[in-house]
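Taking it in order: structure first as C-alpha cells, then the write-up.
Computed from the coordinates by the stated procedures, all read-outs in this text should not be read as laboratory data. Please read all numbers here as calculations on a predicted model, not as lab measurements. No Cβ is skipped: glycine too gets one built from the backbone with ideal geometry, and neighbour counts run over all protein chains shown.
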Amino acid sequence: MYDAPASELKVTQKETKIAANKVQVFYGDTHAIKDVDVQIEDKTVTAFIGPSGCGKSTFLRCLNRMNDTIDICRVQGQILLDGEDIYDPKVDPVQLRAKVGMVFQKPNPFPKSIYDNIAYGPRIHGLAKNKADLDDIVEKSLRRGAIWNEVKDRLHSPGTGLSGGQQQRLCIARAVATEPEVLLMDEPCSALDPIATGQVEELIDELRENYSVVIVTHSMQQAARVSQKTAFFHLGSLVEYGETGQIFTNPVDPRTESYITGRIG
Amino acid sequence: MTDATTTPGAAAPKSSLLQLDDRVRRRNAAERRFKAYGIAAVSIGLVFLALLLFAIIRNGVPAYTQTFLTVPIELQADKLDKNGNRDLEEIQKVSTFGYKPLIIDGMEAALAGQGIASPFEKAKDLEKMVSASAPAQIRDFVLANPDRIGETVEFRLLASSRVDGYLKGRVAREDLARDKNLDAEHLDVADAMRDAGILERTFNWAFIFGADASESRPEQAGIGVSMIGSFFMMLVVLGLALPIGVAASIYLEEFAPKNRWTDLIEVNISNLAAVPSIVFGILGLAVFIQFAHLPQSAPLVGGLVLTLMTLPTIIISTRASLKAVPPSIRDAALGVGASKMQSVFHHVLPLAMPGILTGTIIGLAQALGETAPLLLIGMVGYIASNYPDGIASGFLDPNSAMPAQIYEWAKRADPAYYERAWGGIIILLLFLMTMNIIAIILRRRFERRW
C-alpha cells in the first residue's frame, strides 16, 4: 500500500525544522559522528539509513539530547531547533524533550496501566486542567497511535500486557500525547512482525500531517515506503542526503549505491 | 538386532547413535557426579538445619511452661500490721523477709490439708521449694489490698527452679546429692503435691512478657522487657537506616557523576559491609557514649550503632535493585520529557521497591539478631527488670535487647537459665521468620502491581 515507487512521492519544499551544523560526537576517545550537516524539514518523514554502528542512532539521540545521560558522550557543533541552539547552556533538556519526542527501538511501555502510560507525559507537563481533559488527551493520543479500538475497553489493564506491536503503538501514542513538534523514532519496527510493522508505517505516514518525523531504520524498503527524505550514514559521516526517490534510484555517492544494492552493510 | 530392522537401501551409519561413545559416556558420568555432589551438599545442609531446629525446640520449649504451687496463705495481722490500723506506711515497713514465715506456715497447712506428711525436722526447709520471688509477690498483694490482712488468700506461687527442673526432667534425684538447694525429700513432697493437684506445670506467659530476674531466681526471668528494648532499637534503625540508605543509594546510582571519588565511596561501602560488627560497637562506644555523652545501655545508642551496621547492607541491596531496573524505562521517561528526578521517583523507584524493601527487612533482621556491638555499649549484663515508663524512656532508659538477653542467660551458671536461653532463641527466630515472611509478602504484593 505504501510501497508506491519512490519517484511518485510528491515532495514540496518545506521549512527547516532542525538544522545541524558540523556536529561531532565523541564516546570517550571514539569519534562517533564526524562533521554532520543536515536540514530536517517540518511535516516530513526523514529516514536515516546506514550499516550498523554508523552513528545514525547516536545522531538521532543528539536531536533531543538523550545522549546527555551517557557520561562519556560529548557533542560538539550546533543543532538548531527552529533556529535555537538546543545545546545552549540555557536550554533545559527536559523542556527540549517535551518538544522533541522519542520512540525507541524496543517497545518500552511503563509498567503501569495503558491510561497512565499515555497520561504520564501530559500530567508532568500540566497539559490537562482536569480529569475530563486528561481523558480527552488519552483518547486522542490512542486514536492517533491507531490503537484506540484495540484498548478502549481495557484502559486500566497494564500496558506491558499488550502484544509487541500494540506496545510499540502505545509508545508512539505516549510520545504524541505531549504534543511534540518533532518525533524521533529509533528503529521502531525492528522488534515487530510484518503486520505490526505495516500498522506502524501507516501511522508514521499519518503523523507526517502534524509532525516532523525522523526515523532510523535498517530496512531500506521501509525507508523507501515511509520517508520523503533519506540520509545515508557511513562510518560516522553523513554520506548523502536528499529526496528518498533520488537516493534509492539515482544515488550520487558510490558508497550509497553499494549499500543500497547490498554490497556494504 | 538393529540390522534385522534396517530398511533396505539405507546407508549403514558411520557410527551408531544407539551406542554411546567414550567421550559422551565420560561426559554423562561427570554430569551425574556433579549432580550427586549437589544433592549431597543440599542434604548436609538440611540435616544440620533439622538438627539445629530439633535442638532448639527440645531445649527451648520447656522454658514456656513453669511450675506453680497453689498455697492458701493466712495474712496474719499480728505480723503484718501490729497496730491494727491498716496504715500503709506501717505495713510497708515489713520487709519481704517478714513474709517468709507466712509462706512456711501456709505450706505446712497446705500439706497437712492434703494429708501429706512433712519429712522435714525444721519447717523452714519447706521454703526451698518456693521461688525466692514468692515473699515479694505476697507483699505486693498485701500493699495493694491492705484490707485483706487477716484473711486467708490462695496464692499461685512460683516453684523454685530445682522443683521446676524436676518436673521437667532436668533435675534427677542423683543430682541432688551434692546440691545444697534441694534434697531428695523435697522431691518426695513435690511428687505428693503434684498428685494432690496443688503443684502443677502450666504455660508460662511470664516468660514471654515478663522482666529479667537476678541470678538466683531463674524461674521468674522473662524476655518481655528486652523485647521492648529490641523494638525501640529497631525503630531507631528503621527511622535512620532506611531513609539515609535509600537516599544515598539513589544519589550514588542515579545522580552522582562516575569519577574517582564515587568509585572510592563505592569500594568503601562494600568494605563496610564486611567490617566485624564489634568494630561498630567500639565506634559507638567512643562516639555516642564517650564523646556525645548519650546514656549507656540505652536502646537509642544501640539503634544508632546498629544503623551504622545496617546502612551498607541497605545501600548495597538498594543499589542492586536500582541497577536491575531496565534502562529502557529511564529512557522512556526522559523521552516524554520527565526530569531526571521524575524519572527516578515515578518510574525507577517503584520498580525497585520490592528489592529495596527486601534488603531493608533483611538488614533489620540482621540488626535484630546482632549481639556483639551491644556488648560494648553496655546492653549486655544489664538486668532488664522494669518496663520503660513511656516512649522517651523507651529510647533513653537502660535496657537490654533480645540477643543480649539470650547471651546473658547463657552466661549464667544455673542450668535453669540455660533452658531460658534456648527459649529466648525460639522467640528471636520467630521474629526473624516473621520479618522474612513480611519481606516475601511485600515483594509479591509490589511485584504483582506491575
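Report summary: the helix-based calculation at 222 nm, which adds -39500 (n - 2.57) for every DSSP H run with n ≥ 4 and divides by the residues of the protein assembly as shown, gives -15500 deg cm²/dmol.
What separates the Cα centres of the range B:76-130 and the range A:134-176 is a distance of 86 Å.
Couplings for the range A:125-134, taken from phi via the Karplus curve 6.51 cos²θ - 1.76 cosθ + 1.60 with θ = phi - 60°, read 9, x, 7, 10, 7, 8, 4, 5, 4, 5 Hz in order; Gly and Pro are left as x.
For chain B, which longest stretch is free of loop sites, where a loop site is one of the trypsin sites (Lys or Arg not before Pro) that DSSP puts outside H, G, I, E and B and that has at most 14 other Cβ atoms within 10 Å? The segment B:259-450 is the longest one with no such site.
With semi-axes defined as the square roots of five times the eigenvalues of the C-alpha gyration tensor, the equivalent ellipsoid of the protein assembly as shown measures 80, 33, 23 Å, largest first.
Dipole check for the range B:87-244: with +1 at the C-beta of Lys and Arg, -1 at the C-beta of Asp and Glu, and the Cα centre as origin, the magnitude is about 480 Debye.
Within the range A:179-265, the GluC sites (Glu not before Pro) that combine a DSSP coil assignment with at most 14 other C-beta atoms in a 10 angstrom radius are A:GLU209. Averaged over the residues of peptide A:120-132, the number of Cβ atoms from other protein chains lying within 10 Å of each residue's Cβ is 2. Over the range B:224-449, the fraction of Cα-Cα pairs per 10 Å bin, rounded to whole percents and listed from the shortest bin up, is 8, 29, 31, 20, 10, 3, 0. Karplus-based coupling profile of the range B:343-354, in residue order and whole Hz: 5, 6, 7, 7, 10, 6, 4, x, 6, 7, 3, x, with θ = phi - 60° in 6.51 cos²θ - 1.76 cosθ + 1.60 and x standing for Gly or Pro.
Ellipsoid fit via the Cα gyration tensor, the range B:89-236: semi-axes of 28, 23, 14 Å, each the root of five times an eigenvalue, largest first. Judged by the gyration tensor of its Cα atoms, with axes a ≥ b ≥ c, chain B is oblate; a/c meets the 1.5 cut and b/c is at least as large as a/b.
Distance from the alpha carbon centroid of the range B:405-450 to that of the range B:353-400 works out to 13 angstrom. Sum up the charges of everything whose Cβ sits under 11 Å from the Cβ of B:PHE120, counting Lys and Arg as +1 and Asp and Glu as -1, but leave B:PHE120 out. Net of charged neighbours comes to -4. Phi-derived couplings, Karplus 6.51 cos²θ - 1.76 cosθ + 1.60 at θ = phi - 60°, listed residue by residue for the range B:199-215: 10, 8, 9, 10, 5, 10, 4, 4, 5, 7, 9, x, 9, 6, 10, 6, 4 Hz, with x used for Gly and Pro. When you work out D = kT/(6 pi eta Rh) for the range B:201-245 at 37 °C and 0.692 mPa s, using the Kirkwood radius from C-alpha pairs as Rh and the Stokes-Einstein form, the result is 270 µm²/s. Dipole of the range B:1-153 computed with +1 at Lys/Arg Cβ and -1 at Asp/Glu Cβ about the Cα centre; of B:LEU88, B:SER15, B:ALA63, farthest Cα towards the positive end is B:SER15. For the range A:97-235, the spherically averaged projection of the C-alpha convex hull amounts to 8.4 nm².
Quick check for you: which residues of the range B:233-264 have the amide N under 16 Å from the point 7 Å beyond the Cα of B:ILE391 toward its beta carbon? Backbone N within reach: B:233-240. Looking at the range B:126-173, the GluC sites (Glu not before Pro) that sit in a DSSP loop and have at most 13 other Cβ atoms within 10 Å of their own Cβ are B:GLU151. Computed over the range B:186-262, the Cα gyration tensor eigenvalues convert (square root of 5λ each) into semi-axes of 56, 11, 10 Å, ordered from largest to smallest. Extents of the range B:187-317, largest first, come to 80, 31, 22 Å (Cα atoms, principal axes, whole angstrom).
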